[in-house]
Amino acid sequence: VPAQPTLTTIEIEGRPRDAVVQATKMGLLFVLDRDTGEPLHPVEERPVPSSGAVPSEVISPTQPFPSIPALARSSLEPEDAWGFTPWDRGKCREQIESLNYEGLFTPPSLEGTIMYPGNAGGSNWGGIAVDPVRQLAFVRSTNIAWVVELIPREDYEDQKSARGGHGYG
(Lines give C-alpha, C1' and ligand atoms only; values in the text may rest on other atoms or scores of the structure.)
Protein backbone atom coordinates (compact mmCIF):
# COMPACT_ATOMS: atom_id res chain seq x y z
CA VAL A 1 0.00 0.00 0.00
CA PRO A 2 1.31 3.47 -0.81
CA ALA A 3 0.01 5.50 2.12
CA GLN A 4 -1.83 5.35 5.39
CA PRO A 5 -5.50 4.30 5.44
CA THR A 6 -8.21 6.91 5.88
CA LEU A 7 -10.71 6.71 8.70
CA THR A 8 -14.20 7.99 7.89
CA THR A 9 -17.88 7.34 8.39
CA ILE A 10 -19.91 6.30 5.36
CA GLU A 11 -23.59 5.65 4.89
CA ILE A 12 -24.61 2.14 3.89
CA GLU A 13 -28.28 1.20 3.56
CA GLY A 14 -29.28 4.45 5.26
CA ARG A 15 -27.13 4.07 8.35
CA PRO A 16 -23.68 5.41 9.26
CA ARG A 17 -20.79 2.95 9.41
CA ASP A 18 -17.31 3.68 10.73
CA ALA A 19 -14.91 2.67 7.98
CA VAL A 20 -11.26 2.42 7.06
CA VAL A 21 -10.53 3.12 3.38
CA GLN A 22 -7.31 1.86 1.80
CA ALA A 23 -6.03 2.44 -1.73
CA THR A 24 -3.37 0.15 -3.22
CA LYS A 25 -0.54 0.45 -5.74
CA MET A 26 -2.61 -1.79 -8.00
CA GLY A 27 -5.27 0.92 -8.18
CA LEU A 28 -7.72 -0.94 -5.97
CA LEU A 29 -9.80 0.64 -3.20
CA PHE A 30 -10.86 -1.39 -0.17
CA VAL A 31 -13.52 -0.16 2.29
CA LEU A 32 -13.58 -2.09 5.56
CA ASP A 33 -15.58 -1.92 8.78
CA ARG A 34 -13.36 -0.06 11.23
CA ASP A 35 -14.21 -2.35 14.15
CA THR A 36 -14.33 -5.79 12.54
CA GLY A 37 -12.23 -5.47 9.36
CA GLU A 38 -15.07 -6.97 7.34
CA PRO A 39 -15.52 -5.51 3.84
CA LEU A 40 -18.28 -2.90 3.59
CA HIS A 41 -18.27 -3.35 -0.20
CA PRO A 42 -17.96 -6.91 -1.52
CA VAL A 43 -14.49 -8.36 -2.09
CA GLU A 44 -13.98 -11.48 -4.18
CA GLU A 45 -11.00 -13.73 -4.82
CA ARG A 46 -10.16 -13.83 -8.53
CA PRO A 47 -7.67 -15.93 -10.45
CA VAL A 48 -4.44 -14.08 -11.31
CA PRO A 49 -1.57 -14.89 -13.69
CA SER A 50 1.07 -17.39 -12.68
CA SER A 51 2.93 -18.07 -15.93
CA GLY A 52 6.46 -16.80 -16.23
CA ALA A 53 7.12 -17.14 -12.53
CA VAL A 54 10.48 -18.43 -11.38
CA PRO A 55 10.09 -22.22 -10.87
CA SER A 56 11.03 -22.13 -7.17
CA GLU A 57 8.52 -19.39 -6.31
CA VAL A 58 5.12 -20.11 -4.82
CA ILE A 59 2.52 -17.91 -6.50
CA SER A 60 -0.97 -17.41 -5.09
CA PRO A 61 -3.54 -18.52 -7.65
CA THR A 62 -5.96 -15.76 -6.55
CA GLN A 63 -5.96 -12.23 -5.15
CA PRO A 64 -8.71 -10.16 -3.50
CA PHE A 65 -10.52 -7.63 -5.71
CA PRO A 66 -13.04 -5.14 -4.33
CA SER A 67 -16.34 -4.51 -6.14
CA ILE A 68 -15.47 -0.79 -6.31
CA PRO A 69 -14.21 0.20 -9.79
CA ALA A 70 -10.42 0.38 -10.05
CA LEU A 71 -8.72 3.76 -9.58
CA ALA A 72 -6.14 3.10 -12.31
CA ARG A 73 -6.17 1.19 -15.55
CA SER A 74 -5.58 -2.48 -14.98
CA SER A 75 -4.54 -3.61 -18.44
CA LEU A 76 -1.89 -2.65 -20.97
CA GLU A 77 -2.04 -3.87 -24.57
CA PRO A 78 0.31 -3.27 -27.52
CA GLU A 79 -2.44 -1.04 -29.01
CA ASP A 80 -1.96 1.26 -25.99
CA ALA A 81 1.60 2.09 -27.11
CA TRP A 82 2.33 5.79 -27.08
CA GLY A 83 5.02 7.97 -28.56
CA PHE A 84 5.64 11.37 -30.14
CA THR A 85 6.16 9.85 -33.59
CA PRO A 86 4.98 6.71 -35.39
CA TRP A 87 8.50 5.29 -34.89
CA ASP A 88 8.25 5.89 -31.09
CA ARG A 89 4.83 4.23 -30.97
CA GLY A 90 6.13 1.29 -32.99
CA LYS A 91 9.14 0.76 -30.70
CA CYS A 92 6.90 1.01 -27.64
CA ARG A 93 4.47 -1.53 -29.15
CA GLU A 94 7.39 -3.88 -29.88
CA GLN A 95 8.60 -3.63 -26.28
CA ILE A 96 5.12 -4.34 -24.88
CA GLU A 97 4.80 -7.36 -27.18
CA SER A 98 8.24 -8.71 -26.18
CA LEU A 99 7.61 -8.75 -22.42
CA ASN A 100 5.65 -11.05 -20.14
CA TYR A 101 2.34 -9.44 -19.17
CA GLU A 102 -1.00 -11.05 -18.40
CA GLY A 103 -2.60 -8.30 -16.32
CA LEU A 104 -2.54 -7.34 -12.65
CA PHE A 105 -0.32 -9.50 -10.46
CA THR A 106 1.75 -10.92 -13.35
CA PRO A 107 4.78 -12.33 -11.50
CA PRO A 108 8.27 -10.97 -12.26
CA SER A 109 10.31 -13.18 -14.55
CA LEU A 110 13.86 -13.77 -15.71
CA GLU A 111 12.80 -12.73 -19.23
CA GLY A 112 11.30 -9.36 -18.26
CA THR A 113 7.78 -8.54 -17.13
CA ILE A 114 5.59 -5.47 -17.38
CA MET A 115 4.35 -4.33 -13.98
CA TYR A 116 1.26 -2.21 -14.54
CA PRO A 117 0.23 0.11 -13.01
CA GLY A 118 3.72 -0.32 -11.48
CA ASN A 119 5.76 1.16 -8.62
CA ALA A 120 4.80 4.75 -9.42
CA GLY A 121 1.31 3.89 -10.64
CA GLY A 122 -1.98 3.29 -8.91
CA SER A 123 -2.50 5.31 -5.77
CA ASN A 124 0.46 7.23 -4.39
CA TRP A 125 1.66 9.09 -1.30
CA GLY A 126 -0.81 11.60 0.00
CA GLY A 127 -3.50 9.04 0.68
CA ILE A 128 -7.22 9.56 0.33
CA ALA A 129 -9.47 12.49 1.14
CA VAL A 130 -13.12 11.75 1.87
CA ASP A 131 -16.06 14.14 1.55
CA PRO A 132 -18.48 12.69 4.12
CA VAL A 133 -21.41 14.81 2.93
CA ARG A 134 -21.25 13.71 -0.72
CA GLN A 135 -19.85 10.26 0.19
CA LEU A 136 -16.96 10.68 -2.26
CA ALA A 137 -13.33 9.61 -1.99
CA PHE A 138 -10.65 11.66 -3.74
CA VAL A 139 -7.56 9.70 -4.69
CA ARG A 140 -4.53 10.66 -6.75
CA SER A 141 -3.86 7.84 -9.16
CA THR A 142 -1.48 7.35 -12.08
CA ASN A 143 -1.07 4.88 -14.92
CA ILE A 144 2.67 4.22 -15.24
CA ALA A 145 4.16 0.95 -16.42
CA TRP A 146 7.50 -0.49 -15.28
CA VAL A 147 9.62 -3.29 -16.64
CA VAL A 148 11.01 -5.67 -14.03
CA GLU A 149 13.51 -8.44 -14.62
CA LEU A 150 14.76 -10.94 -12.09
CA ILE A 151 18.48 -11.67 -12.07
CA PRO A 152 19.84 -14.99 -10.82
CA ARG A 153 22.01 -14.46 -7.74
CA GLU A 154 25.04 -15.98 -9.47
CA ASP A 155 24.76 -13.29 -12.22
CA TYR A 156 24.30 -10.29 -9.92
CA GLU A 157 27.94 -9.19 -9.57
CA ASP A 158 28.50 -9.40 -13.34
CA GLN A 159 25.35 -7.36 -13.96
CA LYS A 160 26.41 -4.81 -11.34
CA SER A 161 29.88 -4.46 -12.92
CA ALA A 162 28.33 -4.04 -16.38
CA ARG A 163 26.45 -1.03 -14.97
CA GLY A 164 29.51 0.72 -13.60
CA GLY A 165 29.17 -0.71 -10.09
CA HIS A 166 25.54 0.27 -9.67
CA GLY A 167 23.24 -2.42 -8.36
CA TYR A 168 19.55 -2.79 -8.78
CA GLY A 169 16.98 -1.13 -6.53
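The values are calculated or read from the model by the stated rules, or taken from the named source; none is laboratory data. The shown structure was predicted, so the numbers you read here are calculated from the model rather than taken from an experiment. No Cβ is skipped: glycine too gets one built from the backbone with ideal geometry, and neighbour counts run over all protein chains shown. Surface areas here come from the heavy atoms of the whole protein model, side chains and all, with no ligands, DNA or RNA. Shrake-Rupley method; radii C 1.70, N 1.55, O 1.52, S 1.80 Å.
Points to keep in mind about this one:
- 3J(HN,Hα) along the range 38-49: 6, x, 8, 10, x, 10, 10, 7, 10, x, 10, x Hz, from the Karplus curve 6.51 cos²θ - 1.76 cosθ + 1.60 with θ = phi - 60°, whole Hz, x for Gly and Pro.
- With all protein chains modelled, accessible area of residue 30 [1.4 Å, Å²]: 40
- Theoretical ellipticity at 222 nm over the chain - DSSP helices of four or more residues, -39500 (n - 2.57) apiece, nearest 500: -3500 deg cm²/dmol
- If you take all other residues with their beta carbon under 11 Å from the beta carbon of residue 89, and give Lys and Arg +1 and Asp and Glu -1, the sum is -2.
- Annotation for the range 1-61 versus the range 103-169: alpha-carbon center distance of 18 Å.
- For the chain, the share of accessible area belonging to carbon and sulfur comes to 54 percent (1.4 Å probe, ligands and nucleic acids excluded).
- Gaussian network model of the chain, Cα within-10 Å springs - most flexible of 57, 38, 97: 57
- Anisotropy class of the chain from Cα gyration tensor, a/c 1.5 cut: prolate
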